[in-house]
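Engineer: One structure is given below, represented as structure tokens, and several questions about it will come after.
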Amino acid sequence: MPSAAEVAWLIPTLPLIGAVAVGLGLISVNSTINNLRKPVAITLLSCIGASTVLSYAVLAEQLSGAPEVEHLFVWASAGNFILPMGYVIDPLGAVMLALVTTIALLVMIYSHGYMAHDKGYVRFFTYLALFSSSMLGLIVSPNLLEIYVFWELVGMCSYLLVGFWYDREGAAHAAQKAFIVNRVGDFGLLLGILGLFWATNSFDFHGIASGLSDALSTGAVPQWAALTLCLLVFMGPMAKSAQFPLHVWLPDAMEGPTPISALIHAATMVAAGVFLVARLEPLYSQFPFVGLVIAVVGTITCFLGASIALTQMDLKKGLAYSTVSQLGYMMLAMGCGAPIAGMFHLITHAFFKAMLFLGSGSVIHAMEEVVGHEPILAQDMRLMGGLRKKMPITSRTFLIGCIAISGIPPLAGFWSKDEILGQAFNTFPFLWIVGFLTAGMTAFYMFRLYFLTFEGEFRGENKELQAQLMNLAEISNDEEDHQHQPGKLHESPWSMTMPLTALAVPSVVIGFVGIPWNSQFAKLLNPQEALEMSSHFEWGEFLALAAASVAISTAGISFAFFAYYRNRIDIEKLFANRFSVVNKFLQNKWYLDEINEKIFVRGSRRLAKEVLEVDAKVVDGVVNLTGLLTLGSGEGLKYFETGRAQFYALIVFGGVIALVALFGVLGPAPT
């Protein structure tokens, strides 16, 4: 009987087969397939479920000490050039496979309740299966070229899902923005991949690392070229994992359905960039400057996301900027030469961030019963409050997520975030200070979200406030959806609350697999590094840094408690009015969208107009002039076509006389 690793190729293949089968059905017999909602959902859930079982079997084998498995076949060859494709199973891949399939399965179960009344239910499930398959294929890819193929498939699926409600202008624009921003990063990634192949004649991760090292030692590749290639490759993860300044697409991606927001922010698209940087650790570890760049970019992203989240009133966008900040922490760890710490935070963050996003979807689902389906109302926390009494499961799981992401022990986020801060403290102390302050900001804005949403009095029935928000968003109140008859708040159905409960368990306990003095996670990924970590572990340093981290997180929670629960602190008076310039700066998201609009969007349009002018006046002018000359000369020459031999002889004689006269005027050639 083959081992699980031997049949691991089925893990991405099963959901792909399901997605293709249903997709072909939608193309050929659309109405019939759309009427088969439950059979389609069961089929695709079964595909993801089977992949999940296989993924955990693969993980169990790796935990028991099974060797890495790599199966390759020749996809293309020409002379000495051979391009292998296939799949590889190692500890890092096994962990990611289990994570992605778990989150994808729970998101699909949740989607059954969330998308129950959507006319695109079957199409949504098909996209989810294809998205999951693409990410799973990326994880098992054995080389950079194959990763790039699945990388682009992940980008395509995100475009389809972010713009799922394409009839909404905001969703269509968000999908285009995500697509274009990611193309910028992917262009750099492609250039880097081709450049590394030129330098090393390999697409394999270890082959590239060793080949570039040899090329540098022999002088075949200069240092500046190697650095440039490494940074070009990093552009791909910068865009996929929403790092500054290519992070701008991720908050706008909230225009898609909430389940896909949970999948993107937890286990698929944004995780792909961090995963690729971890895969390329043998390459990046050779260049301290590249590590410094990654760490600085991650730190800026970390602080930027947290600072903007402080002022967000849209529940989903607040969580989106939280994801941007947490991704910054992961990249900070990668830049510090601690990929295990970065991957550990990716794992813990995936569980509690998926739970938080699905919790926000549960809240929005309930709010739509009261205020209608207009997102500006259903997602604005100023219309929420008091939901804890009506939605006990959602509120409790959301609270667990807030505690976890704030870094309060013993929940998962404490262990992973504290490990990153400890690595930063020993490598780049200044960056540790920024990460440390961001931890306090994280605790504040997350409990700000919780208190505004679940505590106090419900504000959703305030018609005056609704009208003010609609006016601020410049949306007419006369639309049909705004004539919605208010219903009653209630807890979401079991298909939505069950995934929340399931995700709450790892959000609490999974951190214990990475305790720094005996990290089982590190032992799985890199036993040698785990041994080094445990041998160099110092209780004094750990307790001091952990106490400082918990203290600043507690301070942030306390500040949010007195400001938004007890109403003892007036944030408007204390901060917004006193530091109005800073407050406006944060509310406008550092003006980065405006800068992009002015420089790149308007600039590209202006350039396009200039090119159009050149095309119309110069290129078309030359073509039209050539045509006119041809037409005119043809019209003139036709009168010389008489058919009389005497006339043709006369023309030849005249030509000869003209040539003789011309050479006579010019004189003899110089000798």
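The values are calculated or read from the model by the stated rules, or taken from the named source; none is laboratory data. Being a predicted model, the structure only gives us computed values, none of them experimental. For neighbour counting, all protein chains shown are included, and Cβ atoms are generated from backbone atoms with ideal geometry for every residue, glycine included. With ligands, DNA and RNA removed, areas are computed over all heavy atoms of the protein, side chains included. Shrake-Rupley method; radii C 1.70, N 1.55, O 1.52, S 1.80 Å.
Engineer: Can you name the residue in segment 79-102 that is assigned to a strand (DSSP E or B) and not hydrophobic (A, V, I, L, M, F, W, C) and, of all such residues, is surrounded by the fewest Cβ atoms within 10 Å (Cβ to Cβ)? Write out each step before concluding.
Structural biologist: Narrowing segment 79-102 to residues assigned to a strand (DSSP E or B): 81-89.
Restricting the remaining residues to those that are not hydrophobic (A, V, I, L, M, F, W, C) gives 84, 86-87.
Values: P84: 18, G86: 16, Y87: 22.
The residue in question is G86.
Engineer: Go through segment 33-78 and give me each residue that's open to solvent by 90 Å² or more (accessible area, probe 1.4 Å), of a type outside the set (A, V, I, L, M), out of contact with any helix residue (DSSP H, G or I) (no Cβ under 7 Å at 6 or more places or on another chain) and over 15 Å from H112 (Cα atoms).
Structural biologist: Listed by number, the residues that qualify are S64, P67, E68, E70, F73, W75.
Engineer: Continuing with this model, one more query. Just one of I364, I376 is aliphatic (A, V, I, L, M), open to solvent by 10 Å² or more (accessible area, probe 1.4 Å), modelled with pLDDT under 95 and assigned to a helix (DSSP H, G or I); which is it?
Structural biologist: I376
Engineer: Filter segment 114-166 down to residues that are β-branched (V, I, T) and either without any contact (Cβ under 8 Å) to a residue 24 or more places away in the chain or within 19 Å of Y87 (Cβ to Cβ) (or both) and give me whichever is surrounded by the fewest Cβ atoms within 10 Å (Cβ to Cβ). Can you show your working first?
Structural biologist: Our first condition is that a residue be β-branched (V, I, T); within segment 114-166, this holds for 122, 126, 139-140, 147, 149, 154, 162.
Applying the additional criterion that residues be either without any contact (Cβ under 8 Å) to a residue 24 or more places away in the chain or within 19 Å of Y87 (Cβ to Cβ) (or both) yields 139-140, 147, 149, 154.
On the way: I139: 27, V140: 26, I147: 25, V149: 13, V154: 24.
Going through the qualifying residues, I end up with V149.
Engineer: To continue, here is another question. Would you mind listing the helices (runs of 4 or more DSSP H) fully within segment 189-253 where at least 2 residues are under 30 Å from S77 (Cβ atoms)?
Structural biologist: Values: elements: 205-218, 223-240, 249-252.
It comes to 205-218, 223-240.
Engineer: Let me ask something additional. Which of the residues belonging to segment 524-545 are open to solvent by 60 Å² or more (accessible area, probe 1.4 Å) and among the charged types (D, E, K, R)?
Structural biologist: Across segment 524-545, the qualifying residues are E532, E538, E541.
Engineer: Among the numbered criteria (1) closer than 24 Å to I557 by Cα; (2) touching an Asp or Glu at 6+ places or on another chain (Cβ under 8 Å); (3) not hydrophobic (A, V, I, L, M, F, W, C), which one does G361 miss?
Structural biologist: G361 satisfies all of (1) closer than 24 Å to I557 by Cα; (2) touching an Asp or Glu at 6+ places or on another chain (Cβ under 8 Å); (3) not hydrophobic (A, V, I, L, M, F, W, C) except (2).
Engineer: Within segment 253-294, work out how many residues are within 29 Å of T200 (Cβ to Cβ) and more than 11 Å from the chain's Cα centre (by Cα).
Structural biologist: Qualifying residue count, segment 253-294: 20.
Engineer: Considering segment 262-314 alone, what residues qualify as being open to solvent by 10 Å² or more (accessible area, probe 1.4 Å) and within 30 Å of G460 (Cα to Cα)?
Structural biologist: L310, T311, Q312, M313, D314
Engineer: Let me ask another. Taking P288 as the residue in question, decide whether it is without any contact (Cβ under 8 Å) to a residue 40 or more places away in the chain and more than 21 Å from S507 (Cα to Cα). Explain how you work it out, then say what you get.
Structural biologist: Values: without any contact (Cβ under 8 Å) to a residue 40 or more places away in the chain: yes; more than 21 Å from S507 (Cα to Cα): yes.
Answer is yes for this residue.
Engineer: Moving to a separate point now. Does segment 57-66 contain at least one residue that is touching a residue at least 12 places away in the same chain (Cβ under 8 Å), among the polar types (S, T, N, Q) and closer than 29 Å to L503 by Cα?
Structural biologist: yes
Engineer: If you check every pair at least six apart or on different chains, which have Cβ atoms under 7 Å apart with a residue in segment 69-86 that is more than 18 Å from W198 (Cβ to Cβ) first and a residue that is in a loop (DSSP other than H, G, I, E, B) second?
Structural biologist: Taking only residues 6 or more apart or on different chains, the pairs are E70/P142; L72/P142; G86/P142.
Engineer: Among (1) within 29 Å of the chain's Cα centre (by Cα); (2) open to solvent by less than 40 Å² (accessible area, probe 1.4 Å), which single condition is V20 missing?
Structural biologist: All conditions pass for V20, except number (2).
Engineer: Mind listing whichever residues of segment 230-247 are open to solvent by 10 Å² or more (accessible area, probe 1.4 Å) and more than 16 Å from S322 (Cβ to Cβ)? Steps first, answer last, please.
Structural biologist: Restricting attention to segment 230-247, the residues satisfying the condition of being open to solvent by 10 Å² or more (accessible area, probe 1.4 Å) are 231-232, 235, 238, 244-246.
Correct list: L231, L232, M235, M238, P245, L246.
Engineer: For Y329, which of the numbered conditions (1) under 23 Å from the mean Cα position of the chain (by Cα); (2) modelled with pLDDT under 90 fails to hold?
Structural biologist: It is condition (2) that Y329 fails.
Engineer: What about H349, is it open to solvent by 10 Å² or more (accessible area, probe 1.4 Å) and either farther than 21 Å from P499 by Cα or touching a residue at least 60 places away in the same chain (Cβ under 8 Å) (or both)?
Structural biologist: Numbers: open to solvent by 10 Å² or more (accessible area, probe 1.4 Å): no; either farther than 21 Å from P499 by Cα or touching a residue at least 60 places away in the same chain (Cβ under 8 Å) (or both): yes.
The answer is no for H349.
Engineer: Any residue in segment 223-236 that's without any contact (Cβ under 8 Å) to a residue 24 or more places away in the chain: show its pairings with residues that are not charged (D, E, K, R) at Cβ separation under 7 Å, as long as the two are six or more apart or on different chains.
Structural biologist: Pairs found: Q223/L216.
Engineer: Looking at segment 592-616, I want the residues that are within 18 Å of D252 (Cβ to Cβ) and have a partner that is of a type outside the set (F, W, Y) with Cβ atoms under 8 Å, at least 6 apart or on another chain. Which pairs are those?
Structural biologist: L592/P245; L592/V248; D593/V248; E594/N588; N596/V248
Engineer: Identify, please: which residue in segment 427-461 is surrounded by 15 or more Cβ atoms within 10 Å (Cβ to Cβ) and assigned to a loop (DSSP other than H, G, I, E, B) and is, among those, nearest to the chain's Cα centre (by Cα)?
Structural biologist: F428
Engineer: Among P506, P516, which is the only one that is modelled with pLDDT of 85 or more, of a type outside the set (S, T, N, Q) and outside any helix (DSSP H, G or I)?
Structural biologist: Values: P506 fails: outside any helix (DSSP H, G or I).
So the residue among P506, P516 that is modelled with pLDDT of 85 or more, of a type outside the set (S, T, N, Q) and outside any helix (DSSP H, G or I) is P516.
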